[in-house]
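Asks: So that we are looking at the same thing, I have put the structure below in structure tokens.
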Amino acid sequence: MDRRDFIRALVAGSAAAAAHHAVPFAAASSHLPGSDTPPAWAIGFEGLGDDLSLTAMKVEGTVPEECYGTLYRNGPALYERAGERYQHWFDPDGMIQAFRLGPAGVTHEGRFVRTRKFLEESEAGRFLYNGAGSQVADPQPASNNDTANPANINIQPLAGELLALWEAGSAHSIDPTTLETRERKIWSDELDGVPFSAHPKYDDRGDLWNIGSVPWLGAPKLVLYHINAGGVLQKAKLHALDFAGYIHDFVLTPRYLVVLNSSAVFGTGETFVDRMHWDPNRASQLLVFDRNDLSLARVIEVPAAFVFHFGNGWEDASGLHFTACQYENADITVSSMRKMAQQSGGPLHAPPELMRYDVDLRSGRCSISALAVPMEFPNFDLRRPFTPQTLLGTGERDASESGLASALLSVNPQSGEFSRYDYGDGVIVQEPLYLKGGAEGYAMHAFLDYEKHRSGIALFRIDRLNEGPIMTATMERVLPLGFHGCFMPA
């Protein structure tokens with residue numbers, strides 16, 4: 001890796017991406033055209049202006065002792081400053097939510113990630129930097145990838161700390177107890193500020209693997225990372241890509257990292273999102289990298305695909321296998337996320353469908369089959385990462401007002417067998433996580449009850465998922481809808 005040339009290109013690309021003239025947010029519609037009232041679900045996108053102090057939640061049911069611990073979540077939370085409003089769900093500053101479960105009950109608190117961006121804009125009293133899908137009035141130039149880093153997508157554990165993650169810049173270290181932001185993570189001098197994705201994966205030893213996509217350069221690149229369970233970088237490698245497709249997540253198997261270079265290809269446009277153009281005639285690529293040395297082992301063309309999130313991956317004598325929550329195009333990013341952030345109604349994107357990929361590395365052939373389940377935010381038992389296990393996820397209803405999920409799902413990718421619990425109208429279900437315990441374990445997720453103007457968490461027995469939650473904890477706070485998180489046992 002030529003550090004000087006690479007970092008110089010990264011800085012130039014970031015600055016160019018942020019250098020466009022602005023359109024004030026106040027000029028944008030914030031609700032349904034012709035209506036003075038946003039749709040009911042839009043309270044999930046109102047946002048917050050301050051940290052949230054510790055508060056006790058109302059608990060119905062019982063928290064099993066084996067579920068004592070903390071659910072951490074991250075997501076966009078600060079939508080407005082000085083009368084300007086972000087126009088895309090990707091852009092608001094991240095807030096870490098902590099739901100702590102113990103013998104005394106359940107509590108909640110929230111704290112913004114103190115990135116450089118957050119601190120500078122707090123002092124200025126206004127937005128200073130353009131976002132991935134928004135432009136601000138009188139934007140300041142971005143000097144590097146972390147200048148406008150909102151740290152707003154995920155929060156994951158590593159070596160006794162938490163990492164607040166974006167997808168185009170550095171991770172930020174978070175104190176698990178106080179939620180204070182400690183520092184920006186620098187894995188090595190040459191990787192300072194290089195994109196570090198929001199979806200790291202853990203192997204069966206606890207080592208962390210990750211990617212970093214750099215699509216905005218003339219010659220798009222992908223960075224691969226291997227970091228041990230103690231938080232020390234083991235190796236990293238830079239690869240050139242054949243084309244600049246959007247890459248958000250990846251799959252880890254016992255021997256490989258599998259990356260989908262999607263058919264949402266970057267070209268011209270005013271913002272990062274505007275540059276994303278769906279090309280149904282361009283084949284997507286499965287890039288298969290060897291975990292031993294991070295070399296490229298195989299490139300396999302597949303039909304045009306757009307995927308935010310993958311389930312787990314496994315291998316057997318026939319090859320490698322994984323699941324993906326696949327969309328028919330990139331509308332969710334280029335249009336739906338704008339409408340949600342602007343608290344505007346549909347039409348919205350079609351729901352993603354859970355797909356199974358079966359790859360024969362010897363022949364280079366890939367078989368793709370639909371599991372006939374609309375699913376997003378897939379998760380699995382991290383104690384058994386490389387097995388064809390049951391997935392947890394969220395599911396959309398056919399008539400969903402917001403295009404967001406109202407149901408919790410579990411799906412077996414081998415048999416196609418699934419269970420479902422639907423909350424019905426008025427509730428938006430967020431990413432579920434596996435908790436160990438019992439024969440099958442537990443599922444926990446956060447939710448927004450927008451009809452009753454309250455947020456909460458729910459706990460399920462996975463083997464009795466369709467019977468409903470065994471515990472719910474609610475509060476009168478309305479939390480912004482977020483993306484991802486993790487659970488840390490007590």
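The values are calculated or read from the model by the stated rules, or taken from the named source; none is laboratory data. This one's a predicted model, so the numbers in the text were calculated from it and none came from an experiment. When we count neighbours, we look across all protein chains shown, and the Cβ atoms used for this are built from the backbone with ideal geometry, even at glycine. Areas reflect the complete protein model, heavy atoms only, side chains present, ligands, DNA and RNA absent. Shrake-Rupley method; radii C 1.70, N 1.55, O 1.52, S 1.80 Å.
Asks: Residue separation times 0.36 nm, minus the C-alpha to C-alpha distance between Glu65 and Lys235: what's the value? Walk me through the numbers before you get to the answer.
Replies: Working: separation 170, 0.36 × 170 = 61.20 nm, distance 3.92 nm.
Result for the pair: 57.3 nm of gain on full extension.
Asks: Quick check: the distance between the Cα centres of the stretch 156-226 and the stretch 234-265, to the nearest angstrom?
Replies: Each part's Cα centre sits 15 Å from the other's.
Asks: Asn329: net charge of surrounding residues, Cβ under 13 Å, Lys/Arg +1, Asp/Glu -1, itself excluded?
Replies: Values: positive: Arg282; negative: Asp279, Glu328, Asp331, Glu353.
Once all neighbours under 13 Å are counted, the net charge is -3.
Asks: If you don't mind, there's one more thing I want to ask. Divide by every residue of the chain the summed helix terms, -39500 (n - 2.57) for each DSSP H run of at least 4, and state the resulting mean residue ellipticity at 222 nm, rounded to the nearest 500 deg cm²/dmol. Please report the intermediate quantities before stating the final value.
Replies: On the way: 3 runs with 29 residues, N = 490.
The per-residue figure over the chain is -1500 deg cm²/dmol.
Asks: How large is the charge dipole for the stretch 58-117, taken about the Cα centre, if only the Cβ atoms of Lys, Arg (+1) and Asp, Glu (-1) carry charge, to the nearest 20 debye? If you can, show how the numbers build up before the last one.
Replies: Numbers: 9 positive and 8 negative charges, 68 e Å.
Dipole about the Cα centre, nearest 20: 320 debye.
Asks: Work out from phi, with θ = phi - 60° and the Karplus expression 6.51 cos²θ - 1.76 cosθ + 1.60, the ³J(HN,Hα) of each residue of the stretch 335-346, listed in order in whole Hz, and give x for Gly and Pro.
Replies: Residue by residue, the stretch 335-346 yields 10, 4, 5, 5, 4, 4, 5, 8, 6, 10, x, x Hz.
Asks: Hey, if you put +1 on the Cβ of every Lys and Arg and -1 on every Asp and Glu Cβ in the stretch 320-394, which of Ile368, Ala324, Asn379 ends up farthest toward the positive end of that dipole?
Replies: The one lying farthest along the dipole's positive direction is Asn379.
Asks: Give me the one-decimal Kirkwood hydrodynamic radius in Å for the stretch 136-196, with the sum taken over alpha-carbon pairs.
Replies: Numbers: mean 1/r = 0.0810 Å⁻¹.
Every distinct Cα pair counted, the radius reaches 12.3 Å.
Asks: Under a crude label model (7 Å from the Cα following the beta-carbon direction), how far is Thr178 from Ala56 in nanometres?
Replies: 2.6
Asks: Please give, to one decimal in nm, the separation of the simple spin-label points placed at Ser188 and Asp316, each 7 Å out from Cα toward the Cβ.
Replies: 3.8
Asks: Give the accessible surface of the stretch 336-490 per residue, rounded to a whole number of Å², with probe radius 1.4 Å and ligands, DNA and RNA excluded. Provide the component values of the computation, followed by the final result.
Replies: Working: 6110 Å² over 155 residues.
Heavy-atom accessible area per residue stands at 39 Å².
Asks: Stretch Arg477-Glu451 to full length: gain in nm at 0.36 nm per residue minus the Cα-Cα span? Numbers along the way, then the final one.
Replies: Working: separation 26, 0.36 × 26 = 9.36 nm, distance 1.29 nm.
Taking Arg477 through Glu451 to full extension adds about 8.1 nm, to one decimal.
Asks: I've got another one for you. 5 Å is the cut-off here: which amide hydrogens, built 1.01 Å from N in the peptide plane, fall below it relative to Ala405, excluding neighbours closer than 5 in sequence?
Replies: When sequence neighbours closer than 5 places are left aside, the close amide H contacts are Val429.
Asks: Here is a follow-up. What does the accessible area of Thr333 come to, in Å² to the nearest 10, when a probe of 1.4 Å is used?
Replies: Its accessible surface works out to 0 Å², give or take rounding.
Asks: Turning to a different aspect of this structure: Please name which of Val106, Ala350, Gln234 has its Cα lying farthest along the dipole of the chain towards the positive end, using unit charges on Cβ (Lys, Arg +1; Asp, Glu -1) and the Cα centre as origin.
Replies: Positive-most Cα among the choices belongs to Gln234.
Asks: Now for a separate question. Between (i) 36, 28, 23; (ii) 51, 29, 21; (iii) 30, 29, 23, which entry matches semi-axes √(5λ) of the Cα gyration tensor in Å as derived from the coordinates of this structure?
Replies: (iii)
Asks: Might you tell me the accessible area per residue for the stretch 32-166, computed with a 1.4 Å probe and given in Å²? Working shown, then result.
Replies: On the way: 4820 Å² over 135 residues.
Accessible area per residue: 36 Å².
Asks: Right, next: What's the local net charge at Ser213, with K and R +1, D and E -1, over the other residues with C-beta under 12 Å away? It would help to have the intermediate numbers written out before the result.
Replies: Working: positive: Lys221; negative: Glu167, Asp249.
Once all neighbours under 12 Å are counted, the net charge is -1.
Asks: Working out 0.36 nm times the residue gap between His277 and Asp242, then minus their Cα-Cα distance, what length gain in nm do you get to one decimal?
Replies: Details: separation 35, 0.36 × 35 = 12.60 nm, distance 1.61 nm.
Difference between extended and current length: 11.0 nm.
Asks: Which residues in the stretch 335-350 place their backbone N less than 13 Å from a point set 7 Å from the Cα of Ala370 along the Cα-to-Cβ direction?
Replies: 350
Asks: Between Ser295 and Glu161, with labels modelled 7 Å along Cα→Cβ, what's the label distance in nm to one decimal, could you check?
Replies: It is 3.4 nm.
Asks: Another question, if that's okay. Between Thr268, Gln97, Gly218, whose Cα lies farthest towards the positive end of the dipole of the chain when Lys and Arg beta carbons carry +1 and Asp and Glu beta carbons carry -1, centred on the Cα centre?
Replies: Positive-most Cα among the choices belongs to Gly218.
Asks: Could you order Arg100, Arg184 by accessible surface area, starting with the largest, using a probe radius of 1.4 Å?
Replies: On the way: Arg100 55, Arg184 85 Å².
The ranking, largest first, comes out as Arg184, Arg100.
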